[in-house]
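First comes the structure, then the notes that go with it.
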Amino acid sequence: MICEAIDVVTTDVCKFKFWEAFSTEIPRKEKGTFQRDKTPFITFVLGGPGSGKGTQCMKIVENFGFTHLSAGDILRREIASNSADGTMILDTIKEGKIVPSELTVKLIQKEMESSDNYKFLIDGFPRSEDNRIAFEQIIGAEPDIVLFFDCPEDEMMKRVLNRNQGRVDDNIDTIKKRLKVFSALNLPVVKYYLERGKLYKINAVGTVDEIYKQVYPLFAQFNFEQQV
Ligand code: UP5
Ligand code: MG
């Protein structure tokens with residue numbers, strides 16, 4: 001496993017104490033903002049490149065009605081839209097480095113504010129302590145739970161190289177850089193949430209369904225269906 005030191009945490013209760021900032025600081029809009037009558041529920045989905053974050057998020061969306069915000073997809077859309085930051089984002093992704101935190105957080109914030117949902121999967125973010133702190137400061141919230149897909153490097157490398165979706169960072173040189181950045185900058189974030197009792201470590205080796213068998217009960221315990 002990528003990080004032997006990180007053990008499973010089985011917190012049984014999520015804490016809904018982080019969202020006061022949203023209910024007080026952001027003006028209520030009729031549509032396209034958080035549903036204030038429901039407490040927003042934020043899940044950070046972490047794991048190395050190719051650990052299966054996006055694949056598992058799609059299944060969580062199907063079963064539990066979350067809105068899936070992949071930070072990588074949001075940044076790729078920014079490149080495709082020829083925005084002012086597009087070239088810088090593209091160069092950063094090609095190098096496997098991390099886009100400046102404030103930019104990513106503001107893009108995530110825009111997506112959250114324009115959603116009518118209150119359940120969010122934030123996939124591939126935060127990738128560093130700087131990312132994490134920027135989210136807390138700009139959004140004014142912390143995640144309710146954090147999933148960590150733990151996968152050996154050789155398996156992640158194999159999956160990414162087999163993906164064939166034309167991503168500019170799915171080549172051997174960039175993958176090596178992504179793995180290094182993940183290990184140096186993302187694992188401290190994983191450790192941070194472990195210490196706060198919010199981390200659920202998932203063994204990300206096996207078939208998609210085998211892995212989802214570990215994920216499903218984590219969400220089932222919250223009875224989301226009854227909240228809709
Ligand atoms: N696959 C999935 N599960 C499988 C299984 N159990 N068995 C066999 N195959 C499996 O899966 C990857 C591939 O494996 C797919 O082909 C899938 O079918 C197969 P996927 O679910 O896509 O894995 P995921 O973890 O989502 O991999 P991804 O490559 O998307 O992860 P990254 O975190 O590297 O990529 P992301 O898109 O999040 O970020 C890309 C870059 O954007 C970063 O490197 C960085 O430069 C930049 N970025 C930032 O700067 N800031 C951010 O906040 C986010 C991104
Ligand atoms: Mg992904």
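The values are calculated or read from the model by the stated rules, or taken from the named source; none is laboratory data. If you're wondering where the values come from, they're calculated on a predicted model, not measured in any experiment. No Cβ is skipped: glycine too gets one built from the backbone with ideal geometry, and neighbour counts run over all protein chains shown. Heavy atoms of the whole protein, side chains included, go into the accessibility calculation; ligands, DNA and RNA do not. Shrake-Rupley method; radii C 1.70, N 1.55, O 1.52, S 1.80 Å.
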Given the options D169, D154, name the one that is more than 21 Å from K59 (Cβ to Cβ) and not in a helix (DSSP H, G or I). D169
Can you say whether A141 is more than 11 Å from ligand 1 (Cβ to nearest atom), open to solvent by less than 40 Å² (accessible area, probe 1.4 Å) and in contact (Cβ under 8 Å) with a residue 40 or more places away in the chain, as far as the supplied structure shows? yes
How do the pairs read when you match residues in segment 158-170 that are more than 17 Å from G206 (Cα to Cα) with residues anywhere that are within 8 Å of ligand 1 (Cβ to nearest atom) and of a type in the set (A, V, I, L, M), using Cβ under 6 Å and keeping only pairs 6 or more apart or on different chains? D169/I93; D170/V160
F182 - would you say it is open to solvent by less than 60 Å² (accessible area, probe 1.4 Å) and part of a strand (DSSP E or B)? no
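Taking segment 185-228 only, how many residues are in a helix (DSSP H, G or I) and either of a type outside the set (S, T, N, Q) or modelled with pLDDT of 95 or more (or both)? First the steps, then the outcome.
Our first condition is that a residue be in a helix (DSSP H, G or I); within segment 185-228, this holds for 185-195, 208-220, 224-227.
Then keep just the ones that are either of a type outside the set (S, T, N, Q) or modelled with pLDDT of 95 or more (or both); that gives 185-195, 208-220, 224-225.
Going through segment 185-228 one residue at a time, the tally reaches 26.
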Might you check whether a residue that is within 29 Å of Y212 (Cα to Cα), touching a Lys or Arg at 6+ places or on another chain (Cβ under 9 Å) and of a type in the set (D, E, K, R) occurs anywhere in segment 119-134? yes
Read through the list (1) under 19 Å from L107 (Cβ atoms); (2) buried (at least 17 other Cβ atoms within 10 Å of the Cβ); (3) over 15 Å from the mean Cα position of the chain (by Cα), then give the number of the only condition that F125 fails. (3)
Going through segment 51-79 in order, the residues found to be open to solvent by 60 Å² or more (accessible area, probe 1.4 Å), more than 15 Å from ligand 2 (Cβ to nearest atom) and touching a helix residue (DSSP H, G or I) at 6+ places or on another chain (Cβ under 8 Å) are N63
